[in-house]
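Colleague: Here you go, one structure.
No value in this document is a laboratory result; all are computed from the given coordinates. Only a predicted model underlies this, so the values are computations on that prediction, with no experimental measurement involved. Glycine also receives a Cβ, built like all others from the backbone with ideal geometry; neighbour counts cover every protein chain displayed.
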Amino acid sequence: MRPFALERISRIPCVERAVRAADNVDEVHRWIVTDAQVDLRRFRCLVNASGRCRGTAEGVVCESMSEPNKLANLPTLLGAPRLSARLLGRLPYMLRGLRYAAGYREAGGAAPAAATPGVNPLRDFFEARRAGPGIWKWTHYFDLYHRHLARFVGHQPHVMEIGIYSGGSLDMWRSYFGAGCRIYGVDLQPACKVYERDDTRIFIGDQGDREFWRSLQLPALDVLIDDGGHRPEQQIATLEEMLPRLRPGGVFLCEDIHGMHNRFGAYLEGLLKDLNAFRPGGAGKPVQPSALQAAIQSIHFYPYVVVIEKAPAPVTELDAPRHGTEWQPFKL
């Protein structure tokens, strides 16, 4: 990237000044994107005096940089110009991936036979629920639940679900994890307090309120399922306040992350970026993990769901030793 592009970025202190200084976003495109050698020629988002978007081609830059009707996050981008420029440099690859996904086709040949569903107690419970407290779930969730949560069955885990609604999923979790599990429900509606019982505590509060989370006196959790308000700031606050409170080996799930340009999805991409960070420790030395790499074993993306699994013990180094005595002469 050319140095003067970074200088131009750093001189724009806020979005209002940027919009006043440019007739439209193509001008900002020339300041930031062209000098960064990023091809976003299809990006044509005209901005009026109030900063509102009148139209967009790809809908990627506007969605990633804006709250509804205003480019409120641009100062954040400009506060870290080098990182922001690198992120802009990734956009052509993101667009390539979106185009590939839109036109994806399986290789020729006969379609494979549909797999026979295996035993899944969660799906069985859901299918059997014809009366009583309601359960509302996407059906593909049950397989991923069972894949990531089966190891807790019978081990008396501490499980929190955010978003109680009609209480049926609390019954499902109790049945699945077995006797001795402790369930904690969170909902904004006081009426949900009716679902409290000896093995289930109900907390009434706003998941977007960080002080609410900090006020809760809880043991360390094994599982947290966020099926609450589904708004990005609520989901972010919940993750940031509660992920550190999960035990090592714990599992955090957030449901209903809908839409290609979902802002919580973009936030998760930031976590993924740090999970892939590479900080060499010197020749022949292991990589020193970031704080996130030390605590998080994996992040799994499914349609509308993210699953974050914590490491069973803190990771102190990331190493790739060589074993063997015979090597090809060319360098990798």
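Colleague: Based on the Cβ-Cβ distance from Ala128 to Arg201, what FRET efficiency comes out when R0 is 41 Å, to the nearest 0.05?
Modeller: 0.95
Colleague: Using the Cα centre as the reference, give the magnitude of the dipole from point charges on the C-beta atoms of segment 150-302 (Lys, Arg: +1; Asp, Glu: -1; all else neutral), rounded to the nearest 20 debye.
Modeller: Dipole size: approximately 600 debye.
Colleague: At R0 = 41 Å, how high is the FRET efficiency between Thr139 and Lys331 if r is their beta carbon distance? Nearest 0.05 is fine.
Modeller: 0.25
Colleague: Okay, next question. Given points 7 Å out from each Cα along the Cα-Cβ axis, report the Arg96 to Asp319 separation in nanometres with one decimal.
Modeller: According to this spin-label approximation, the distance is 3.5 nm.
Colleague: Ok, one more. Beta carbons within 10 angstrom, averaged per residue: use that to sort the peptides 207-214, 128-135, highest first.
Modeller: Order by mean packing, descending: 207-214, 128-135.
Colleague: Between Gln189 and Val287, what is the label-to-label distance in nm when each label sits 7 Å out along the Cα-to-Cβ direction?
Modeller: It works out to 4.6 nm between the two label points.
Colleague: With each pseudo-label sitting 7 Å past Cα toward Cβ, what's the Arg105-Leu83 distance in nm, one decimal?
Modeller: According to this spin-label approximation, the distance is 4.2 nm.
Colleague: Students often check this: by mean Cβ neighbours within 10 Å, which of 91-102, 306-317 ranks highest, and how do the rest follow?
Modeller: So the order, starting with the most tightly packed, is 306-317, 91-102.
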